[in-house]
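A short write-up of the structure that comes next.
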Amino acid sequence: MKARTLVLCLVTVSLILSACAGKPTPDVAATFTAQTMTPESLNQSASTPTMTATENPYLLYDEFDDPNSGWSTFGDTSSGEVGYANGSFRLAFYQAGYFNSSYSVGTYTDFIVETRVCTSATTPGIGAGLTLRASDYNWYLFWVYPVSREYSFSKGFSNPQTGFYQETSLLPRTASDVIQPFNSGGMLCLFIKAAAHGDAFDFWVAGEDNVYQYLASARDAEWADGHLGPSADAPKSDFSPAPVEALFDWIKVYPYSD
């Protein structure tokens, strides 16, 4: 089915946080700047490194075919589950208000990451995407919501000792005609690409034609490097049937290049 080999095994540092719990209001709101793109820049895609017959362009590549490839499994049917499922990596939710993320072993500074993900078509919809520059206590989250054709980008900070949790929106949840998911086996699928370079973050999506279209950009300089990986956001209100899930087919990371 899939011919590529795994370049780097991963382990998972997972997070399950209840968005239903009260979140303290931060004393000082973090600042950010949304980047305005010119028509010329909208037509530019992220550069892909040149590959020779003996050169491996990837910093990380995983097709999730091997259940022993390093991703840990956890969870239960009361809240959510993370694990392998028929050649995919699955993040599932049985209750509203949670999100899950899985972290790479290595950390990355400037990079491009791509993935293909399919989500349940249940309304209200699940969000699926990527966590970037993440650690045990802080992270960036980019999610696309295929059902409503929306996206969001945020950063979060958690202190497990005090229970304090703070989330700051960098790109508020917004609808976009660029998001064109396609149906595959009753699920809504799309390709997602993100670039992190310096304090800039750029995002693209692709539909069935696998041609990336520019979606949005933002700037934030708080965290310069960290882990990355698949991430999903449960609906914020009750849903049926349960569970809703996001199935990641693969993830690949390569160096950022202008």
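A few points about this structure:
- Test: residue in the range 147-163 that is among the hydrophobic types (A, V, I, L, M, F, W, C) and closer than 19 Å to ALA96 by Cα: yes
- For the range 212-257, a residue qualifies if it is crowded, with 18+ Cβ neighbours inside 10 Å and over 26 Å from TYR61 (Cβ atoms), and the qualifying residues are ALA218, ASP220, ALA234, PRO235, PHE239, PRO243, VAL244.
Rundown of residues vs (1) basic (Lys, Arg); (2) under 21 Å from GLY83 (Cα atoms); (3) touching a strand residue (DSSP E or B) at 6+ places or on another chain (Cβ under 7 Å), yes/no style:
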site: LEU190; (1), (2), (3): no, yes, yes
site: ALA194; (1), (2), (3): no, no, yes
site: GLY198; (1), (2), (3): no, no, no
site: PHE201; (1), (2), (3): no, no, yes
site: ALA216; (1), (2), (3): no, no, yes
site: ARG219; (1), (2), (3): yes, no, yes
site: ALA232; (1), (2), (3): no, yes, yes
site: ASP249; (1), (2), (3): no, yes, yes
site: TYR254; (1), (2), (3): no, no, yes
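- Looking at ARG133, ARG90, ARG116, just one residue is touching a residue at least 40 places away in the same chain (Cβ under 8 Å) and on the phi > 0 side of the Ramachandran plot, and that residue is ARG133.
- Members of the range 153-181 that are more than 17 Å from LYS193 (Cα to Cα) and of a type in the set (S, T, N, Q): SER158, ASN159, GLN161, THR162, GLN166, THR168, SER169, THR174
- Single condition THR122 does not satisfy, out of (1) outside any loop (DSSP other than H, G, I, E, B); (2) modelled with pLDDT under 95: (1)
- Comparison of ASP220, ASP238, ASP209, ASP249 shows that the only residue that is of a type outside the set (Gly, Ala, Ser), under 18 Å from TYR140 (Cα atoms) and out of contact with any His (no Cβ under 9 Å at 6 or more places or on another chain) is ASP220.
- So THR12, is it modelled with pLDDT under 50 and either of a type in the set (Asp, Glu) or within 24 Å of ASP225 (Cα to Cα) (or both): yes
The values are calculated or read from the model by the stated rules, or taken from the named source; none is laboratory data. Since the structure is predicted, the reported quantities are computational estimates derived from the model, not experimental observations. Neighbour counts are summed over all protein chains in view; Cβ atoms, including those assigned to glycine, are modelled from backbone coordinates with ideal geometry.
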